[in-house]
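A short write-up of the structure that comes next.
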Amino acid sequence: MKAIIIGAHLPRLSPVRLVKHVSDDSTRYLTQGVPYLRSQGFLRDLSDEDVRERAAEIAEETQYALERAALFEAEVVGSDGTFDAGSIEGAWEPAYLSPDGATLLESIGLSPATAKTFRVAFYVHDWQDGQPLIGPSGPFLLPAFTPVPERLWQLAPYALVD
């Protein structure tokens, strides 16, 4: 099995798109997340104003974290079903993608355990320029950093650390 980094992205390189991502995430939380959580018995002790205030805090925290994070995309080839994104130092919220990176692996009926070739996108918090990205076999070679491609904003959304 071989894994190589094929994309290295910094959300901060697209400040307008970063703000849109945070805003869209906040809107989804208020319009979909909160009603669902309340239907499940959560957040009932919070007023609508409290929920809106917390949503604003979450948006600020997300903006702050994404301005300091890096998003990597690796291609895994010849998988024997044992690939673990957790073996990459600092990998957070892995999203497993089709071999062409256009869709989630699960949407084509596969998983990292069953696919021979796939991609994985993951964030690393508090990324410092020049630091190495360490995998199970040592440091990865990294391509030049670019803005986050639109498809990865959609397929590999960021989630705050609790």
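Helix 48-66 and the longest principal axis of the Cα set of the chain meet at an angle near 30°.
Look at (i) 51, 36, 24; (ii) 113, 39, 30; (iii) 66, 28, 25: the one that is Cα extents along the principal axes in Å derived from this structure is (i). The long axis of helix 15-28 is offset from the longest Cα principal axis of the chain by roughly 60 degrees. Taking packing as the residue-averaged number of other Cβ atoms within 10 angstrom, the listed peptides 16-23, 67-74 run from highest to lowest as 67-74, 16-23.
Is the C-alpha gyration tensor of the stretch 15-66 telling us rounded, prolate or oblate? Criteria: a/c under 1.5 is rounded; beyond that, a/b larger than b/c is prolate, otherwise oblate.
Values: a/c = 2.93, a/b = 2.05, b/c = 1.43.
Because a/c hits 1.5 or more and a/b exceeds b/c, the stretch 15-66 counts as prolate.
Per-residue ellipticity at 222 nm from helix content only, as computed over the chain with -39500 (n - 2.57) for each DSSP H run of at least four residues, stands at -8500 deg cm²/dmol. Note on Y64 and Q131: their simple-model spin labels are 1.7 nm apart, each label 7 Å out from Cα toward Cβ.
Coordinate-derived values only; no laboratory data. As the structure is a computational prediction, the values presented were derived from the model and not from experiment. Methodologically, a virtual Cβ is constructed for each residue, glycine included, from the backbone with ideal geometry; neighbour enumeration extends over all protein chains shown.
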